[in-house]
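What follows is a short report on a single structure.
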Amino acid sequence: MKFTKILALCLVALMMLAAFAACNDGNSGDETTEGTTQGTTEGTTEDTTEETTEGTTDPEQPEITTITIAEALELCGEEGNVTTERYYIRATIVSITNAAYGAMIIADETGEIPVYGTYSADGEINYSAMEDKPYRGDEVLLHCILQNYNGTKEVKNARLIEFKHVEVSVDLNEYTDMSISDARAADKGTKIKVDGVVAKITFANGYKPNGLFLVDDTASIYVFDSDLAQRVSEGDKITVAGEKDYWILDSEQNNAATFGYKGSCQLANAHLIEQDDSQDYEFDKSWITETCIKDMLEIPVTENVTTTIFKVTALVAKKPGNGFVNYYFYDLDGKTGNYTYTQCNGGDFEWLDEFDGKICTVYLSPINCKSTNSDCYYRLVPIKVIDEGFTFDVANAPAHALKYYAMDQFFAEYGADPAFEVVTSVSSELLGFKGVTLSYSSSDESVLSFATADGKTVMHCNNPGKVTVTVTATLGENSVSDTVEITVNVTPTVDADNVKTAIDAALGETVTIKGIVGPSLVNKTGFYLIDETGVIAVQTTADVMATLQIGNEVVLTGVRHINIKDTTTHCIGQTCINNAEIVVNLYGSHDYSTATFVTDKTLKEVYDLDPMVDYSTTVFVLKATVTVEETTYYTNIYLTDANGTKLRLYCSSANQYSWLKAYAGQEITVEVAACNWNDKDYYTGCVLSVVTEEGKVFNTLNFTH
């Protein structure tokens, strides 16, 4: 190996000396500038220094003449300019912006400049393939072209002539040796030294390695450091010194605090102390908890489980979007799960393609939580996926039906009679079983009972008290039961106002109102509350939404709000109730009132609504055609008419209106609310329902029941 390195480097040196000789003979070329390279590279070990200096020194060769970065920026010239001459720049690497092709930022005392692509001294080997390469903080000598590309002054086609590793001084006496399990429990800011195997490297935008999962025989933890991640490979054994951190995106700090989420458990400001890349080491799995995705996602975000690896059996599903790909991991019900956390539009998870549509063994980690004003939920990263030819044991079908379909139907407390229909039969095409029957019994039917009529079983709450509900699942000779404790409370008497009173209330006033739960908001967590006096948008949390169904009669409390920026002068904004909580759910399946709905406006008239007048509490009933526009990078959905009017529906993508896509190209009757959540000088729409001869098809986006 050493001989091969010496030979290769000598060949490089001979080529460059030949170029220098050609220059002295009067020939011109890309490599022949005054003070041409000596072909030396500087490493960090004695052997490297010997290899890179042997046979490369020419005492008659002139000194290399370098330019400063300030001079390089000047030479870049006007937009579109590319120099024909190569220049030498000696500088320090500020950061590696793309390790795949050696994009970096370099700096000296006169300024900094980006480098677009770095190669070996002879230009034959790109940065990623170099056996030894510089990293952040290292000093480099580059031989390069300069250009102004679309207004960006940068180094192009940089040849790495030599470099010097500049090791950051780390006083290991300041760091405490710990197992990863102990490191996870350490306080934020604690200086820690840990050993482990690199189980997975993660990537930032542009496929730049930005961190890694480190595993020992006690636990796993995420190490956030792009420089370190670029210096190691999956399967390396490493020792890392870093500071304990609990990371939360700055813009999500307040939301995270609301739900008690303390941040992603990780190490930051990390230093690579030792590295063993002599073989591909397997990470230890003896400590990993085997669970299911449903139970994993139900772990409270207040618990310190982020960046812990779990073992699950999951369905892998690839779902291409417009300009991106999402990879989902579903539990065995085929719907409980989430997609992988990607910063590369899914490109960093192309290795999952071979598992698409298969039920596999997956080592999966909730890397962090996304914290919104309505919910806090785990983002997932797969560490390893194994296709073991999964087959489902049908004898387990009754237990599966209980876990995924039966027991989650109930709440711990009821304040009124929900009169809801329970599930009585479960089948799964994914798992290959049919007809698991579910039966229900109550320990005290005077408190809670089940009534069966017309093939439906309905649960009723009759009187205050506590009961035990037993659910039995049966398939053939296999039968399994489970129980749930339920409390039925006295229905509280609450003084509540109507919706019109809430609309007219002062901004910031806390209101208590009664109405019917109407269809979902879109791109906001909540619903429309409707009664015979009006309609108002209600923003709440995902947990609250999980307790509601369209048609429930509720009493809720919240803050009268208008969604608008303080500096906005071109619109009135969006009227709504914020931070809504349910005081009592009176349940039922009520038709909401349409008494205040406007039926005499055309789509063009709605499109032309004055944004300085508050129409955000108005629902219009009109005829329109659904038009879906899909491109490589985005989708939009509109209501249109024959005259070319296009009323945009408020959403992040047309996928939030997937139910409405079935009507694309058709003229239909819709109930549509005017909305302006984003300070526009025009109104967009939110479709509540499609009105058909058979009844209404509702927008149920935020509802889980």
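Working carefully through the options Asp227, Asp217, Asp250, find the one that is surrounded by 17 or more Cβ atoms within 10 Å (Cβ to Cβ) and either acidic (Asp, Glu) or under 19 Å from Glu350 (Cα atoms) (or both).
After applying the criteria, what remains is Asp227.
Every residue in region 410-426 that is open to solvent by less than 40 Å² (accessible area, probe 1.4 Å) and either in contact (Cβ under 8 Å) with a residue 40 or more places away in the chain or small (Gly, Ala, Ser) (or both), please.
Within region 410-426, Phe410, Tyr414, Gly415, Ala416, Pro418, Phe420, Val426 qualify.
Would you point out the residue of region 155-209, among those that are touching a Cys at 6+ places or on another chain (Cβ under 7 Å), assigned to a strand (DSSP E or B) and at negative phi, that is surrounded by the fewest Cβ atoms within 10 Å (Cβ to Cβ)?
Per the stated criteria, the residue is Lys156.
Name the pairs: first residue in region 460-487 and closer than 15 Å to Ser439 by Cβ and in contact (Cβ under 8 Å) with a residue 24 or more places away in the chain, second residue assigned to a strand (DSSP E or B) and among the small types (Gly, Ala, Ser), Cβ to Cβ under 6 Å, at least 6 apart or on different chains?
Qualifying pairs under 6 Å: Val469/Ser442; Thr470/Ser441; Thr470/Ser481; Thr472/Ser439; Thr472/Ser481; Val480/Ala473.
Yes or no, residue by residue, for (1) among the basic types (Lys, Arg); (2) farther than 29 Å from Ala91 by Cα; (3) modelled with pLDDT of 95 or more:
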{"position": "Asn148", "(1), (2), (3)": "no, no, yes"}
{"position": "Thr176", "(1), (2), (3)": "no, yes, yes"}
{"position": "Ala204", "(1), (2), (3)": "no, no, no"}
{"position": "Tyr207", "(1), (2), (3)": "no, no, no"}
{"position": "Phe213", "(1), (2), (3)": "no, yes, yes"}
{"position": "Thr218", "(1), (2), (3)": "no, yes, yes"}
{"position": "Asp227", "(1), (2), (3)": "no, no, no"}
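Go through the residues of region 602-625 one by one and say whether even a single one is open to solvent by 50 Å² or more (accessible area, probe 1.4 Å) and in contact with a helix residue (DSSP H, G or I) (Cβ under 8 Å, 6 or more places away or on another chain).
Yes: one or more hits.
Any residue at all in region 280-291 that is assigned to a strand (DSSP E or B) and either modelled with pLDDT under 95 or within 25 Å of Glu429 (Cβ to Cβ) (or both)?
No, region 280-291 contains no residue that is assigned to a strand (DSSP E or B) and either modelled with pLDDT under 95 or within 25 Å of Glu429 (Cβ to Cβ) (or both).
Just a yes or no: is a residue in region 627-641 within 30 Å of Val555 (Cα to Cα) and either modelled with pLDDT of 95 or more or of a type outside the set (Lys, Arg) (or both)?
Within region 627-641, none of the residues are within 30 Å of Val555 (Cα to Cα) and either modelled with pLDDT of 95 or more or of a type outside the set (Lys, Arg) (or both).
So which pairs qualify, if the first residue must be in region 633-654 and in contact (Cβ under 8 Å) with a residue 24 or more places away in the chain, the second must be basic (Lys, Arg) and part of a strand (DSSP E or B), the Cβ gap must be under 9 Å, and the two must be at least 6 apart or on different chains?
Matching pairs, first to second residue: Ile637/Arg648; Leu639/Lys646; Leu639/Arg648; Thr640/Lys646; Asp641/Lys623.
Any idea which residue in region 303-326 is least open to solvent (accessible area, probe 1.4 Å), counting only those that are over 28 Å from Arg184 (Cα atoms) and at pLDDT 95 or above?
Selected residue: Val316.
Within region 448-460, can one find any residue that is at pLDDT below 95 and either assigned to a loop (DSSP other than H, G, I, E, B) or in contact with a Phe, Trp or Tyr (Cβ under 9 Å, 6 or more places away or on another chain) (or both)?
The answer is yes, given that some residue of region 448-460 is at pLDDT below 95 and either assigned to a loop (DSSP other than H, G, I, E, B) or in contact with a Phe, Trp or Tyr (Cβ under 9 Å, 6 or more places away or on another chain) (or both).
Give the number of residues within region 611-650 that are among the β-branched types (Val, Ile, Thr), farther than 19 Å from Ser689 by Cβ and in a strand (DSSP E or B).
Of the residues in region 611-650, 1 are among the β-branched types (Val, Ile, Thr), farther than 19 Å from Ser689 by Cβ and in a strand (DSSP E or B).
Can you tell me which of Tyr638, Tyr633 is crowded, with 17+ Cβ neighbours inside 10 Å and of a type in the set (Phe, Trp, Tyr)?
Of the residues listed, the single one that is crowded, with 17+ Cβ neighbours inside 10 Å and of a type in the set (Phe, Trp, Tyr) is Tyr638.
So in region 263-279, with the set limited to residues that are part of a loop (DSSP other than H, G, I, E, B) and out of contact with any helix residue (DSSP H, G or I) (no Cβ under 8 Å at 6 or more places or on another chain), which one is nearest to Cys360 (Cα to Cα)?
Applying the filter and picking the extreme gives Gln279.
Results for (1) within 17 Å of Ala419 (Cα to Cα); (2) crowded, with 19+ Cβ neighbours inside 10 Å; (3) not small (Gly, Ala, Ser), shown as yes or no for each residue.
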| position | (1), (2), (3) |
| --- | --- |
| Thr501 | no, no, yes |
| Thr512 | no, no, yes |
| Ser520 | no, yes, no |
| Gly534 | no, yes, no |
| Thr547 | yes, no, yes |
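Could you check Asp393 against (1) touching a residue at least 60 places away in the same chain (Cβ under 8 Å); (2) open to solvent by 50 Å² or more (accessible area, probe 1.4 Å) and say which number it fails?
Condition (1) is where Asp393 drops out.
In this structure, does Gly573 turn out to be within 14 Å of Ala673 (Cα to Cα) and open to solvent by less than 60 Å² (accessible area, probe 1.4 Å)?
Yes; evaluated as a whole, the condition is true for this residue.
Can you name every residue in region 93-111 that is of a type in the set (Ser, Thr, Tyr), out of contact with any Pro (no Cβ under 9 Å at 6 or more places or on another chain) and either modelled with pLDDT under 95 or on the phi > 0 side of the Ramachandran plot (or both)?
Result: Ser95, Tyr101.
For Thr596, are the conditions met, namely being of a type outside the set (Asp, Glu) and within 36 Å of the chain's Cα centre (by Cα)?
For Thr596, the condition - of a type outside the set (Asp, Glu) and within 36 Å of the chain's Cα centre (by Cα) - is not met.
Among (1) touching a residue at least 40 places away in the same chain (Cβ under 8 Å); (2) open to solvent by 50 Å² or more (accessible area, probe 1.4 Å); (3) under 31 Å from the mean Cα position of the chain (by Cα), which single condition is Val672 missing?
Unmet for Val672, out of (1) touching a residue at least 40 places away in the same chain (Cβ under 8 Å); (2) open to solvent by 50 Å² or more (accessible area, probe 1.4 Å); (3) under 31 Å from the mean Cα position of the chain (by Cα): (2).
The values are calculated or read from the model by the stated rules, or taken from the named source; none is laboratory data. Because the structure is a prediction, the values reported are computed rather than measured. Every residue, glycine as well, gets a Cβ built from its backbone with ideal geometry; the counts of neighbours run over all protein chains shown. SASA here: full protein model, heavy atoms, side chains in, ligands and nucleic acids out. Shrake-Rupley method; radii C 1.70, N 1.55, O 1.52, S 1.80 Å.
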